[in-house]
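So the structure is just underneath, and the comments pick up after that.
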Amino acid sequence: MAAIVKVDFEYFRVPLEETLVDAKHGDHTHFELITCALATADGLEGIGYTYTGGLGGRAILALLRYDLGPYLLGRDADGIEALWNDLQWRVHYVARGGIASFAISAVDIALWDIRGRKSGLPLWKMAGGGGRTARVYAGGIDLDFGLEKLLANTRRYLGSGFRGVKIKVGRERLSDDFDRALAVREVLGRENVFMVDANMVWPVDTAIKAARFFRKETGALWLEEPTVPDDHQGYERIGREGGLAIGSGENLHTIFEFRQAIEVGRIAYPIIDAGNIGGVTGFLKVAGLAGAHNLPACSHGMQELHVSLVAGVANPGWVEAHSFPIDRYTARPLVLEGGMGVAPDAPGTGVEFRRGLLEPYKEIPF
Ligand SMILES: [Mg+2]
């Protein structure tokens, strides 16, 4: 028994260098970072976190502060899965699959940090020990970039060592998306991987048309979130009639939503985010579900953490190096070697925030 004796939650509103736009979430000017620090009676401390695209972070903080935090005090930090389940049920009536998933993620990641520090194991080993490296691609949030800027950005990614790039699609005219994708593909060449992400914007019929084009003309690896995330029948049609592998997951926030997306929607690339699926515990549950369907576990956002999880599992897919630079505020931003992300080897999650850099963005909303 390692009783939790201290909980502390903080909220940071971190500005982006420029406004980043995608098809459905709209303009991003900030990301919100919500941290959870836990301490146990045996003297261990762990830190967990979640993030948003700029909205809802204060609600996550409130759920943590008023409803989950007091409940954690005195509970056993060693019993992570049992606690994960208890936390789910505690707030499920008002928040299941929404802010509960984000709040529980922050707690769960802190618990895994403690587990690793206690056992001396890094996250990639705790996740399964499959390997220490993972394939990584750069995920642009670039829908409103002009063509020249989009291509310059692609070249910059290649220059930084990435061997895969994803661009946003879903502009007003489909032909515009097609032209941009062709131009980016030409810069990438066939030796690098290319993906497109529509951020849920299209009706099913438009998505099928787009999928056919991207498959035939650009050899894209996947089309991500072509339509509403829980229209699983729609996803199945898009994949089948469009002939292109479909990726989805950043807007699926329970294990059961992923099950539907895989079994009904027939997605080929489950894209999991430990920041909104219930932390490391949720990530590993979905990665296992993906494995049972012979699918690779990919990740969305939080590359500084996900590199360990994707590297460690038995069915590794691709890590997205997201355009929200959370890793810039950590002691060890994503490390790339030969196009592969290298997981940290320190005990725990290997993610340590640089408080000095974050401090100017701390807000105390209540
Ligand atoms: Mg996406």
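Working from Cα positions, state the angle (0 to 90°, nearest 10) between the long axis of helix 303-312 and the longest principal axis of the chain. For 303-312 against the chain, the angle is about 90 degrees. Couplings 3J(HN,Hα) for the stretch 361-366, derived from phi with the Karplus relation 6.51 cos²θ - 1.76 cosθ + 1.60 (θ = phi - 60°), are 9, 6, 10, 10, x, 7 Hz, where x marks Gly and Pro. The alpha-carbon of LYS216 sits under 26 angstrom from the alpha-carbons of these lysines, leaving out residues fewer than 8 places away in its chain: LYS24, LYS149, LYS166, LYS168.
Per residue, the average separation of C-alpha pairs within less than 8 Å and at least 6 apart gives the chain a relative contact order of 20 percent. Treating only the Cα positions of the chain as identical point scatterers, give the base-10 log of I(q)/I(0) from the Debye formula at each q in 0.07, 0.12 Å⁻¹. For the requested q values the scattering log ratios are -0.28, -0.84.
Available extension along the chain between ALA331 and GLU45 is 101.3 nm, counting 0.36 nm per residue and deducting the alpha carbon span. Here the extension length gained between ARG355 and GLU241 equals 36.1 nm, from 0.36 nm per residue of separation less the Cα-Cα distance. Highest-first packing order for the peptide set 98-107, 236-245, 184-193 is 98-107, 236-245, 184-193, based on the mean count of other beta carbon atoms within 10 Å. At an R0 of 35 angstrom, the distance between the Cβ atoms of ALA292 and ARG190 translates into a FRET efficiency of 0.60.
Order these peptides, 313-319, 170-176, 200-206, by their mean beta-carbon neighbour count within 10 angstrom, highest first.
313-319, 200-206, 170-176
Legend: calculated FRET efficiency, GLU17 to HIS92, from the Cβ-Cβ distance at R0 = 45 Å, rounded to 0.05, equals 0.75.
Derived value for the stretch 260-366: Kirkwood hydrodynamic radius 14.8 Å. Basis is the mean of 1/r over every pair of different alpha-carbon atoms. Within a Cβ distance under 12 Å of ALA37, other residues only, what is the Lys/Arg minus Asp/Glu net charge? Net charge around ALA37: -3. Average 1/r across all pairs of distinct alpha carbons in the stretch 124-342, invert it, and you get the Kirkwood radius: 17.2 Å. Modelled this way, with points 7 Å down the Cα-to-C-beta line, the labels at LEU151 and GLU81 are 5.2 nm from one another. In this simple spin-label model, placing a label point 7 Å from the Cα along the Cα-to-Cβ direction at both LYS216 and TYR66 gives a separation of 5.5 nm. Dipole check for the stretch 124-342: with +1 at the C-beta of Lys and Arg, -1 at the C-beta of Asp and Glu, and the Cα centre as origin, the magnitude is about 620 Debye.
Spin-label model, PHE366 to THR29: label points 7 Å out along the Cα-to-beta-carbon direction sit 2.3 nm apart. When each of the peptides 60-68, 148-156 is scored by how many other beta carbons lie within 10 Å of its residues on average, the order from highest to lowest is 60-68, 148-156.
Both the radius of gyration and Dmax for the stretch 1-112 are 14.9, 48 Å, in that order, over alpha-carbon atoms.
Here MET126, MET195, MET1 are placed in order of increasing Cβ neighbour count within 10 Å, fewest first, which gives MET1, MET126, MET195. Once the Cα-Cα distance is subtracted from the 0.36 nm per residue extended length, the VAL228 to ASP205 segment shows a gain of 7.0 nm. Only helical runs count toward this figure. For the chain, summing -39,500 (n - 2.57) over DSSP H runs of n ≥ 4 and dividing by all residues gives -11000 deg cm²/dmol at 222 nm.
Values quoted throughout were computed directly from the atomic coordinates according to the rules given, and no laboratory measurement underlies them. What you see is a predicted model, and the numbers here were worked out from it, not measured in a lab. When we count neighbours, we look across all protein chains shown, and the Cβ atoms used for this are built from the backbone with ideal geometry, even at glycine.
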